[in-house]
Amino acid sequence: MDIMRVVGPLVCTQRHSGLMHNSLRVLRDRKGNLHVAVDTSGCRPGNWVFVVSGSAARYACNDPSVLTDLTVGGIIDIWNEKTGQQDLPT
Amino acid sequence: MDIMRVVGPLVCTQRHSGLMHNSLRVLRDRKGNLHVAVDTSGCRPGNWVFVVSGSAARYACNDPSVLTDLTVGGIIDIWNEKTGQQDLPT
Amino acid sequence: MDIMRVVGPLVCTQRHSGLMHNSLRVLRDRKGNLHVAVDTSGCRPGNWVFVVSGSAARYACNDPSVLTDLTVGGIIDIWNEKTGQQDLPT
Amino acid sequence: MDIMRVVGPLVCTQRHSGLMHNSLRVLRDRKGNLHVAVDTSGCRPGNWVFVVSGSAARYACNDPSVLTDLTVGGIIDIWNEKTGQQDLPT
Amino acid sequence: MDIMRVVGPLVCTQRHSGLMHNSLRVLRDRKGNLHVAVDTSGCRPGNWVFVVSGSAARYACNDPSVLTDLTVGGIIDIWNEKTGQQDLPT
């Protein structure tokens, strides 16, 4: 899984019905590249998340026939981008 | 999923029967690399689209045995390439 | 799918039986990297082809248990490498 | 499979239920990029491990429906990062 | 499939039982990156091989539930690294 940051929602009036009613997010990886992912965890702009790719991304939606190759797997607590570590309270 | 721009159709007289009658598009990603995708959404040259890769690309066609690893998932509304955001009316 | 050019056949006396009697080709992508693909379309050195990767590559052979992750999907008509477009007669 | 080094655990209060109770690790590859993997082998910070990606990563957990695309496959004995070889006693 | 050169075996005392008794090899690609693959063809250090990735790598072992994403598919006869061609006797 990779670590990315949420940019915002993605609006597509004309999209494949296989995506069903899933919510789409634009994410940015650490190199600045943009990606589109299905979100089921309610992440918001600015959140650091980890994303699941490949066939596992389909299973991450309730229906494995959903047309996604990238799904948000979880929101990372207190991520420090510079150190690549979590600044958790001890 | 990745964000790409439609260049145009791809004509292949001699192609694998497993692609069936699906329409092919040449797409360009943000780094300038070219890709070939199956299109089921009727996208046109200049459109910004997001594409689904891997096994999900096969499910995006009505028949999951279609021979594709990249399928157009939807046309993005009002994409601003420079900002990487959508300029939607508010 | 990606666009590559056929370099030539690949001879491997000692190869996995799961490849069956499929013909192998060495291909070169636009960055100069070499790849090995199964060919079922009879492509020849110098041809521009598009290739299917991942699980779809297995379906491209008649038997989905064939051991390939890259299969030639079709021969591109009149490809212009420099423009990234097809110079089709109008 | 790729060779990576364990940085530490990853804490996500809000994560997808499909990951079940699997333990997550942050790993660093040889280029310095960070990845998130499921760990079933009890690896610790500083260990060199090899990781399994794609659909095989799901099978590496006891339940193939687990939502992972990267799972630790084993801990490498006495890895020498500079030479890319193992300094095993003879 | 990609073309790589065998560096040597990989010893992991603590490894996932899903790899069963398969032999592991460290391989080096043309860019110098290291990879770990399952070997079923008896390749030796210095051999040039082509490797199968993704779900096909699992099928390359007798049991498709084996935990691998990279398996040696065959040993290439008389590979000339510089020309990217085979110097076969005519």
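General remarks:
- Enumeration of residues in the range D:41-51 that are buried (at least 24 other Cβ atoms within 10 Å of the Cβ) and within 14 Å of chain A (Cβ to nearest Cβ): D:VAL51
- Residue within the range E:10-24 that is modelled with pLDDT under 90, over 14 Å from D:GLY73 (Cα atoms) and over 11 Å from the mean Cα position of the chain (by Cα) present: no
- Evaluation of C:LEU88 against (1) in contact with a Lys or Arg (Cβ under 9 Å, 6 or more places away or on another chain); (2) loosely packed, with under 14 Cβ neighbours inside 10 Å; (3) among the aliphatic types (A, V, I, L, M) (one fails), failing number: (1)
- Residues that are more than 8 Å from chain A (Cβ to nearest Cβ), in contact (Cβ under 8 Å) with a residue 24 or more places away in the chain and within 21 Å of E:THR68 (Cα to Cα), drawn from the range D:6-40: D:VAL6, D:ASN22, D:ARG25, D:LEU27, D:ASP29, D:ARG30, D:VAL38, D:ASP39, D:THR40
- Whether a residue is farther than 21 Å from C:THR40 by Cβ, surrounded by 18 or more Cβ atoms within 10 Å (Cβ to Cβ) and of a type in the set (A, V, I, L, M, F, W, C) was assessed, and B:VAL38 does not pass this test.
- Members of the range E:79-90 that are at the interface with chain C (Cβ under 8 Å from one of its Cβ atoms) and not in a strand (DSSP E or B): E:GLY84, E:LEU88
- Taking the numbered list (1) touching a residue at least 12 places away in the same chain (Cβ under 8 Å); (2) surrounded by fewer than 16 Cβ atoms within 10 Å (Cβ to Cβ); (3) of a type in the set (A, V, I, L, M) in turn, D:ILE3 passes all entries but (2).
- Test: residue in the range A:57-71 that is among the hydrophobic types (A, V, I, L, M, F, W, C), out of contact with any helix residue (DSSP H, G or I) (no Cβ under 8 Å at 6 or more places or on another chain) and part of a strand (DSSP E or B): no
- Whichever residue in the range B:15-35 is among the polar types (S, T, N, Q) and surrounded by 14 or more Cβ atoms within 10 Å (Cβ to Cβ) and, among such residues, is nearest to C:MET4 (Cα to Cα): B:ASN33
- Lone unmet requirement of (1) within 9 Å of another protein chain (Cβ to nearest Cβ); (2) more than 11 Å from the chain's Cα centre (by Cα); (3) more than 30 Å from E:PRO89 (Cβ to Cβ) for C:ASP63: (1)
- Flag for B:GLY54 being of a type outside the set (Ser, Thr, Tyr), at the interface with another protein chain (Cβ under 7 Å from one of its Cβ atoms) and within 13 Å of A:ARG15 (Cα to Cα): no
- Selection count, the range A:54-75, where residues are surrounded by fewer than 23 Cβ atoms within 10 Å (Cβ to Cβ) and at pLDDT 90 or above: 1
- Flag for E:CYS43 being out of contact with any His (no Cβ under 9 Å at 6 or more places or on another chain) and modelled with pLDDT of 90 or more: yes
The values are calculated or read from the model by the stated rules, or taken from the named source; none is laboratory data. This structure is a prediction, so every number in the text was calculated from the model and none was measured. Positions of Cβ are backbone-derived with ideal geometry, glycine not excepted, and every protein chain shown enters the neighbour counts.
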